[in-house]
Amino acid sequence: MLSLSLSRIRDSRMLRNDLVTIGILVGLDVVARLLPHAPDFTPVAATALFAASVLRVRALAVLVPIAAMTLGDAMLGFYDVRVMMAVYAALALPAIAACVSSRLRRPLMIVPVLLTSSLTFFVVANFAVWAFTSIYVADTAGLIKCYIAALPFLRNMIAGDLCWGLMLCGTYWLVRNIASAKAAKPTADAVAA
């Protein structure tokens with residue numbers, strides 16, 4: 001009975017920690033989208049991958065990009081719902097992929113996963129813009145024009161995903177290792193005894 005109670009307390013603490021982490025990551029995403037920045041140089045895909053790597057309840061990682069985009073778009077303005085759904089789904093893919101495969105959460109996989117995420121976002125989001133808006137002619141030439149016009153955004157997205165992803169994961173690794181080193185370091189009282 002006592003072990004069941006302790007397990008529930010530990011589970012509730014883990015869930016609370018996960019929810020705080022989600023709140024911080026969503027807040028970072030929203031602020032980064034609202035502040036002046038280069039187009040598509042945002043942390044949304046990086047925080048999705050990071051969340052899937054650190055949350056105890058990994059499935060909650062999908063909430064990070066969806067909540068961040070919804071809150072940000074509520075402030076910036078919504079657009080064609082079909083394009084929005086494609087954008088949201090493409091930004092949630094890093095979290096989904098990392099939840100499905102533990103290999104994708106390994107430190108060596110950060111760069112390949114984020115590069116793949118950037119390219120997937122580029123293909124999906126721009127296809128949706130071409131398919132669901134009247135900006136481009138609905139033929140192959142229009143699709144090609146759409147992708148060519150979006151190339152500068154791809155460059156920014158790759159740079160942003162890598163920058164934010166490496167910064168988040170690097171900071172987490174550094175803080176974790178410093179905390180581990182402090183915990184392992186004997187205190188002066190313990191050495192004197």
Worksheet, complete the sentence: So residue 103 and residue 119, fully extended at 0.36 nm per residue minus their Cα-Cα distance, gain in nm 3.8 nm
Worksheet, complete the sentence: Within region 31-121, DSSP-loop chymotrypsin sites (Phe, Trp or Tyr not before Pro) with at most 15 other C-beta atoms within 10 Å are 78, 79
Worksheet item: What helices does the chain hold that run 24 Å or longer along their axis, going by alpha-carbon atoms, with a Kyte-Doolittle average of 1.6 or more, using DSSP H for the helix calls?
Response: 81-100, 110-132
Worksheet entry | Residue among 158, 24, 66 with the largest mean-square fluctuation in a Gaussian network model of the chain, springs linking Cα atoms under 10 Å | 24
Item to complete: Please say if the chain is rounded, prolate or oblate, where rounded means a/c under 1.5 for a ≥ b ≥ c the square roots of the C-alpha gyration tensor eigenvalues, and otherwise the choice is prolate for a/b larger than b/c and oblate otherwise?
Response: prolate
Worksheet item: All other residues with a Cβ under 15 Å from the Cβ of residue 172 taken together, and with Lys, Arg as +1 and Asp, Glu as -1, what is their net charge?
Response: +3
Discussion item. Which residue fluctuates most in the GNM of the chain (Cα springs below 10 Å): 139, 161, 40?
Written reply: 139
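Going by a ≥ b ≥ c, the root eigenvalues of the Cα gyration tensor, does region 105-193 fall in the rounded group (a/c under 1.5), the prolate group (a/b larger than b/c) or the oblate group?
Taking the square roots of the gyration eigenvalues as a ≥ b ≥ c, region 105-193 is prolate.
Values in this text are rule-based calculations from the coordinates and carry no lab data. Everything quoted here is computed from the prediction, not taken from an experiment. Cβ atoms come from the backbone with ideal geometry, glycine included; neighbour counts cover every protein chain shown.
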